[in-house]
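Enquirer: To start, I am sharing the structure in question, which I have written as structure tokens.
The values are calculated or read from the model by the stated rules, or taken from the named source; none is laboratory data. Just so we're clear, the structure is a prediction, and the values are computed from it rather than from any experiment. Glycine gets a Cβ as well: all are built from the backbone with ideal geometry, and neighbour counts include every protein chain shown.
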């Protein structure tokens, strides 16, 4: 056993900050590494020392094993924590760290190699009698063999990259007619993301729940679980809301699930923190999906219900200590929910948003955690994951936890980039979420009714209040919750843009009522919140978030031209599917581009004839570049 004194964190953003928090409490020195783009990042400022690795290119910075190990040696670090993402599940990295005489705070390389291949992992789990989904996981990757295997499994079929995670290289194929094109797309995504285009096939479960178990193992042969998490609320196979424990599990199913996770971990001679992910059908049958051989983004909900610091556990196990608790000593208490706050436009196919974070206010209260790697004044760039923060809330039970999480979101606001705070609130307030009826494909299937537009009279009332706050001499702060102010007896005329449409209203107060366009109207909620910044008002009404644009200040506007397809953001063209003279129909895919680690399909907005194609596969394009133009209609 040895005592770790200084840890280099081979990561960035909120996970680097999270690890540093535990290190500070344990009096362990920290070293940050960063790319040129992250020179002024929060994790760099927080560390005791920081080393610049190189340019924004990942191979020159966060994926450069040689530079990271050299940085550890140069700063006298005796251990490296990989966080999650980047090199956290690369066996070559774990081996290189050990070969350099440093302690790797993570899983053994052998476990990474085994679990890093979905096919090998599945074969090992079948041998260990862990339930697995029927499918194909053999080495022959020829189109014909995969096509025949898919037909034998029966559609719908799920294609999954063997080396992947996070939804990359994963496709649902509903019919055999779509199989080959979806296979090609999955392999291309997998090759770009992981350098390996091998896939496996699985029977697709039509109403799946994603239930995972936190496991831990030490070098003395001890393996424990720290209960389960429900991560079923996803978009594009990316988790956005996680909770612990999973709601609706009966005692027998929970016991079988937890025992299966421990058995799976014991079967691979594991060490450290890991997560066994299961898929569960509507009859409570569960099947092994994969093992993540690292700390998970959602580890905080497990910490909240168990009272344990999993990063501290990782450090202790890496030092050669036994697990801090045995299975009988680990208890679950209450309920915890984590929401992932992303810079993205949930109303525009979750398109990532980039730019300056003008104001970031993330509310925290008792039994609430805010994990974030950014601050006001930082920039969300195209180079990294667009997650801004995680908000984590604990309460005695699930009902109270949902309500408290909604309250935390209502007291939070972000200006400068599109973000999903309002979208998260809509999900949490939805009756299907409250009754635990969300599956992993619910959001992608548009199965939730999340459209709750404000009535015109309510828009007018909030526009009036936002106008009052915006022009009040006492409104020096950007975040205002100040009660509703009277307009006075004289009518004022307001212009406001809501949901892309301009509205004009006359508003005044009369006998305690708000009068809109000469119609009396009572304000429905005295507890509602209005956040003001520049010409924008973020209004929280009945747990829903709405954006009103006032005309009083300079604002930016963008317009789309239906005769052109423009790049929604900087990225790389992956595939061009049309040429000049082609006739296309509405919703036909014209181009495939890659941006912020995702493939985006750019589609025709109308029936048209292609006039010009201004790009080709492999091109790097800027935001708003005209990629395809249509012929003018006669």
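Enquirer: Could you tell me which residue of the range 92-101 is farthest from residue 193 (Cα to Cα), considering only residues that are surrounded by fewer than 19 Cβ atoms within 10 Å (Cβ to Cβ) and in contact with a helix residue (DSSP H, G or I) (Cβ under 6 Å, 6 or more places away or on another chain)?
Expert: The residue in question is 100.
Enquirer: Sticking with this structure for a sec: Of all residues in the range 192-234, how many are out of contact with any strand residue (DSSP E or B) (no Cβ under 9 Å at 6 or more places or on another chain) and within 27 Å of residue 90 (Cβ to Cβ)?
Expert: Counting residues in the range 192-234 that are out of contact with any strand residue (DSSP E or B) (no Cβ under 9 Å at 6 or more places or on another chain) and within 27 Å of residue 90 (Cβ to Cβ) gives 4.
Enquirer: When you check residue 216 against the structure, is it in contact with a helix residue (DSSP H, G or I) (Cβ under 7 Å, 6 or more places away or on another chain) and under 30 Å from residue 307 (Cβ atoms), yes or no?
Expert: For residue 216, the condition - in contact with a helix residue (DSSP H, G or I) (Cβ under 7 Å, 6 or more places away or on another chain) and under 30 Å from residue 307 (Cβ atoms) - is met.
Enquirer: Exactly one of (1) closer than 30 Å to residue 37 by Cβ; (2) not in a loop (DSSP other than H, G, I, E, B) is unmet by residue 394. Its number?
Expert: Unmet condition: (1).
Enquirer: Examine the range 481-501 for a residue that is at pLDDT below 70 and part of a strand (DSSP E or B), and state whether such a residue exists.
Expert: Checked against the condition, which is being at pLDDT below 70 and part of a strand (DSSP E or B), the range 481-501 yields no hits at all.
Enquirer: With the checklist (1) at pLDDT below 95; (2) assigned to a helix (DSSP H, G or I) in hand, flag the one item residue 56 doesn't pass.
Expert: The number of the failed condition is (2).
Enquirer: Considering every residue within the range 200-208, establish whether at least one is touching a helix residue (DSSP H, G or I) at 6+ places or on another chain (Cβ under 6 Å) and over 16 Å from residue 290 (Cα atoms).
Expert: Among the residues of the range 200-208, not one is touching a helix residue (DSSP H, G or I) at 6+ places or on another chain (Cβ under 6 Å) and over 16 Å from residue 290 (Cα atoms), which makes the answer no.
Enquirer: Something else now. Taking the range 321-346, which residues are surrounded by 14 or more Cβ atoms within 10 Å (Cβ to Cβ), part of a loop (DSSP other than H, G, I, E, B) and touching a residue at least 24 places away in the same chain (Cβ under 8 Å)?
Expert: 321, 322, 323, 325, 330, 332, 334, 343, 346
Enquirer: Checking residue 195 against (1) crowded, with 16+ Cβ neighbours inside 10 Å; (2) in the same structural domain as residue 158 (by TED's automatic domain parsing); (3) over 21 Å from the mean Cα position of the chain (by Cα), which test does it fail?
Expert: Here residue 195 meets the rest and fails (1).
Enquirer: Next up: Taking helices (runs of 4 or more DSSP H) that fall entirely within the range 64-127, which contain at least 3 residues that are modelled with pLDDT of 95 or more?
Expert: Where helices (runs of 4 or more DSSP H) fall fully within the range 64-127 and carry at least 3 residues being modelled with pLDDT of 95 or more, they are 65-75, 91-99, 109-115.
Enquirer: Kindly establish whether residue 33 is in contact (Cβ under 8 Å) with a residue 12 or more places away in the chain, assigned to a strand (DSSP E or B) and buried (at least 22 other Cβ atoms within 10 Å of the Cβ).
Expert: Criteria met by residue 33.
Enquirer: Please determine whether any residue of the range 520-538 is at pLDDT below 75, assigned to a strand (DSSP E or B), touching a helix residue (DSSP H, G or I) at 6+ places or on another chain (Cβ under 9 Å) and closer than 18 Å to residue 455 by Cβ.
Expert: Checking the range 520-538: at least one residue is at pLDDT below 75, assigned to a strand (DSSP E or B), touching a helix residue (DSSP H, G or I) at 6+ places or on another chain (Cβ under 9 Å) and closer than 18 Å to residue 455 by Cβ.
Enquirer: Pick out the one residue from 258, 351, 369 that is in contact with a helix residue (DSSP H, G or I) (Cβ under 9 Å, 6 or more places away or on another chain) and touching a residue at least 12 places away in the same chain (Cβ under 8 Å).
Expert: That would be 369, the only listed residue that is in contact with a helix residue (DSSP H, G or I) (Cβ under 9 Å, 6 or more places away or on another chain) and touching a residue at least 12 places away in the same chain (Cβ under 8 Å).
Enquirer: Of all residues in the range 163-177, which are buried (at least 16 other Cβ atoms within 10 Å of the Cβ) and over 17 Å from residue 87 (Cα atoms)?
Expert: 167, 169, 170, 171, 172, 173 - these are the residues of the range 163-177 that are buried (at least 16 other Cβ atoms within 10 Å of the Cβ) and over 17 Å from residue 87 (Cα atoms).
Enquirer: Looking at 445, 441 in this structure, which one is touching a residue at least 12 places away in the same chain (Cβ under 8 Å), more than 20 Å from residue 389 (Cβ to Cβ) and surrounded by fewer than 20 Cβ atoms within 10 Å (Cβ to Cβ)?
Expert: Being touching a residue at least 12 places away in the same chain (Cβ under 8 Å), more than 20 Å from residue 389 (Cβ to Cβ) and surrounded by fewer than 20 Cβ atoms within 10 Å (Cβ to Cβ) holds for just one of 445, 441, which is 441.
Enquirer: Mind checking whether some residue in the range 76-98 is touching a residue at least 60 places away in the same chain (Cβ under 8 Å) and over 18 Å from residue 314 (Cβ atoms)?
Expert: Taking every residue of the range 76-98 in turn, at least one turns out to be touching a residue at least 60 places away in the same chain (Cβ under 8 Å) and over 18 Å from residue 314 (Cβ atoms).
Enquirer: Could you please let me know if residue 151 is assigned to a strand (DSSP E or B) and touching a helix residue (DSSP H, G or I) at 6+ places or on another chain (Cβ under 8 Å)?
Expert: no
Enquirer: If you don't mind, another one. Do you know which residues across the range 53-81 are touching a helix residue (DSSP H, G or I) at 6+ places or on another chain (Cβ under 7 Å) and surrounded by 16 or more Cβ atoms within 10 Å (Cβ to Cβ)?
Expert: Result: 53, 54, 65, 69, 79, 80, 81.
Enquirer: Can you confirm whether residue 591 is more than 26 Å from the chain's Cα centre (by Cα) and more than 21 Å from residue 418 (Cα to Cα)?
Expert: Criteria not met by residue 591.
Enquirer: Related question: Out of the range 158-198, which residues are touching a helix residue (DSSP H, G or I) at 6+ places or on another chain (Cβ under 8 Å), free of Cβ contacts under 8 Å to residues at least 60 places away in the same chain and within 13 Å of residue 141 (Cα to Cα)?
Expert: Listed by number, the residues that qualify are 159, 160, 161, 162, 180, 183, 196, 197.
Enquirer: Need the failing condition index for residue 399 against (1) under 17 Å from the mean Cα position of the chain (by Cα); (2) over 21 Å from residue 529 (Cβ atoms); (3) assigned to a helix (DSSP H, G or I), just the number.
Expert: Result: residue 399 passes all but (1).
Enquirer: Can you pull out every residue in the range 134-148 that is farther than 14 Å from residue 118 by Cα and free of Cβ contacts under 8 Å to residues at least 24 places away in the same chain?
Expert: Selection gives 140, 142, 144, 145, 148.
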